[in-house]
Amino acid sequence: MNTNADLLKELRIDRSAPPPPSRRRLWIGLGIAAVVAIVVLLAAWLLVPHAIEVETTVVAAPSAPGTAGGSVLDASGYVVARRMATVSAKITGRVREVRIEEGQHVDADEVLATLDPIDADARRDLSAAQLEAARSQVAGVQAQLTEAAANAERLQALVGQQLVSKAQYEQAVAQRDALRAQLATARRNASVAGEQLRISDIGVDDTLVRAPFAGVVIAKAAQPGEIVSPLSAGGGFTRTGIGTIVDMDSLEVEVDVGESYIGRVKPGMPVETTLNAYQDWKIPGSVIAIVPTADRGKATVKVRIALDARDARIVPDMGATVSFLEQARPAQDADAPRGVRVPATALSERGGAPVVFVVDGDVVRQRTVAPGERVGGNVEIADGVNPGDELVVDAPDALDDGSRVTIKQ
């Protein structure tokens with residue numbers, strides 16, 4: 001019995017023992033610990049300075065004296081020829097032969113085409129016959145005048161001897177003078193006939209279409225058998241030209257510069273021209289002239305550009321981009337202090353003073369500078385910035401001296 005009683009006592013619940021911890025309290029404790037950890041991490045992230053993403057540019061070395069600097073303006077335009085002509089005949093006629101093809105080089109006065117010369121040859125033959133007739137008439141009158149002059153001279157001697165009447169002598173003199181007048185008229189007629197023959201020869205030469213200057217044929221407009229005329233036929237089938245010739249030595253570039261930027265362009269200014277067809281080819285040149293008129297519709301001014309290179313790859317109507325370069329520095333200023341040019345967007349303002357931010361590793365250093373002349377989108381800085389420095393452009397307001405940065409790719 002005692003044994004059973006003891007066993008029952010062991011099975012009895014002890015009401016005085018503390019209750020076991022509940023699961024709810026455990027989760028609350030874990031949540032509080034997690035919140036504390038997050039707050040600690042957030043505070044650490046806020047207190048530690050983080051990197052600012054920025055864009056940068058590298059400062060280029062200044063141009064040497066006597067050489068052109070960087071581009072101050074870019075403009076687009078086209079290659080044009082100052083000497084280009086559509087060659088036509090002086091007269092209306094039927095084309096007999098065309099001696100040109102596209103791409104052919106021709107010399108000055110070279111025959112490009114011939115017209116049917118039948119009418120011109122007939123007029124020249126008629127003028128030649130008229131000239132011969134006029135010359136024959138001159139010879140006949142000259143012979144009559146010689147005879148009349150001799151007769152008048154003989155009668156003059158006889159009148160003095162009173163062997164013939166004075167009336168006969170005066171009649172001989174009158175006949176002589178009349179023949180002299182006829183001879184002068186005949187000679188003038190012969191001269192006129194000679195001029196008519198010369199004009200007829202010109203008419204025959206007009207059947208030959210010649211090149212006005214040396215150049216390259218870029219268009220062939222007529223074929224044998226067609227009618228050509230120097231005048232428009234009013235929508236008919238008459239051609240007004242044989243072909244078009246371009247003097248390749250007269251090629252230049254014409255660009256349109258906005259009125260707001262034309263002040264940056266000066267005659268004689270150095271330029272670099274890039275053809276759209278050859279992007280890697282930089283053609284040196286200079287500004288020939290600024291055309292003194294503006295396009296009201298486009299608000300632009302035309303500028304003529306000379307090309308220093310002569311190459312078969314340059315052809316009319318090619319698209320081109322022209323970079324206007326900074327004027328060369330005079331040689332006498334070789335020892336003068338020269339600054340560097342930086343983009344205007346690299347300048348910022350801190351404390352009312354202009355500054356730049358130079359990248360030094362993963363931080364930036366603030367430098368106070370004195371901006372100089374503005375050329376295009378660049379600013380000259382004489383001191384505080386060196387060639388090769390990496391500057392921050394469009395610096396955000398949060399950027400300050402010593403700020404950590406990352407370079408935007």
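Does residue 149 satisfy the condition of being closer than 15 Å to residue 178 by Cα and not hydroxyl-bearing (Ser, Thr, Tyr)? Judged against the criteria, residue 149 is a match. Condition (residue is among the hydrophobic types (A, V, I, L, M, F, W, C), assigned to a loop (DSSP other than H, G, I, E, B) and either touching a residue at least 12 places away in the same chain (Cβ under 8 Å) or touching a strand residue (DSSP E or B) at 6+ places or on another chain (Cβ under 7 Å) (or both)) applied to segment 385-397: is it met by at least one residue? Yes, because at least one residue in segment 385-397 is among the hydrophobic types (A, V, I, L, M, F, W, C), assigned to a loop (DSSP other than H, G, I, E, B) and either touching a residue at least 12 places away in the same chain (Cβ under 8 Å) or touching a strand residue (DSSP E or B) at 6+ places or on another chain (Cβ under 7 Å) (or both). Residue count for segment 108-132, restricted to those that are surrounded by 15 or more Cβ atoms within 10 Å (Cβ to Cβ) and of a type outside the set (D, E, K, R): 10.
Might you check whether a residue that is surrounded by 12 or more Cβ atoms within 10 Å (Cβ to Cβ), under 20 Å from residue 86 (Cβ atoms) and more than 34 Å from the chain's Cα centre (by Cα) occurs anywhere in segment 210-223? For segment 210-223, residues surrounded by 12 or more Cβ atoms within 10 Å (Cβ to Cβ), under 20 Å from residue 86 (Cβ atoms) and more than 34 Å from the chain's Cα centre (by Cα): absent.
Step by step: first the residues of segment 232-260, then only those that are closer than 16 Å to residue 89 by Cβ and not in a loop (DSSP other than H, G, I, E, B), then the one that is modelled with the lowest pLDDT. Which residue is that? The qualifying residue modelled with the lowest pLDDT is 239.
Conditions (1) more than 22 Å from residue 326 (Cα to Cα); (2) in contact with an Asp or Glu (Cβ under 6 Å, 6 or more places away or on another chain); (3) surrounded by 15 or more Cβ atoms within 10 Å (Cβ to Cβ), marked per residue:
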{"residue": "357", "(1), (2), (3)": "yes, no, yes"}
{"residue": "361", "(1), (2), (3)": "yes, no, no"}
{"residue": "372", "(1), (2), (3)": "no, yes, no"}
{"residue": "381", "(1), (2), (3)": "no, no, yes"}
{"residue": "406", "(1), (2), (3)": "yes, yes, no"}
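Taking residue 55 as the residue in question, decide whether it is under 23 Å from residue 215 (Cα atoms), surrounded by 10 or more Cβ atoms within 10 Å (Cβ to Cβ), modelled with pLDDT of 75 or more and within 60 Å of the chain's Cα centre (by Cα). No, not satisfied.
Do we have residue 183 as part of a helix (DSSP H, G or I), buried (at least 17 other Cβ atoms within 10 Å of the Cβ), outside the structural domain of residue 273 (by TED's automatic domain parsing) and in contact with a Leu (Cβ under 6 Å, 6 or more places away or on another chain) here? Yes, satisfied. Of the candidates 287, 291, 301, 271, the single residue that is of a type outside the set (S, T, N, Q) and over 17 Å from residue 79 (Cβ atoms) is 301. The single condition among (1) farther than 30 Å from residue 107 by Cβ; (2) surrounded by 14 or more Cβ atoms within 10 Å (Cβ to Cβ) that residue 204 does not meet is (1). If the condition is being hydroxyl-bearing (Ser, Thr, Tyr) and in a helix (DSSP H, G or I), then segment 134-172 contributes 136, 146, 169. In summary, residue 75 fulfils each of the numbered conditions (1) surrounded by 18 or more Cβ atoms within 10 Å (Cβ to Cβ); (2) outside the structural domain of residue 278 (by TED's automatic domain parsing); (3) under 30 Å from residue 310 (Cβ atoms) with the single exception of condition (2).
The values are calculated or read from the model by the stated rules, or taken from the named source; none is laboratory data. Note that the coordinates shown come from a computational prediction; the quantities given were computed from them, not determined experimentally. Glycine also receives a Cβ, built like all others from the backbone with ideal geometry; neighbour counts cover every protein chain displayed.
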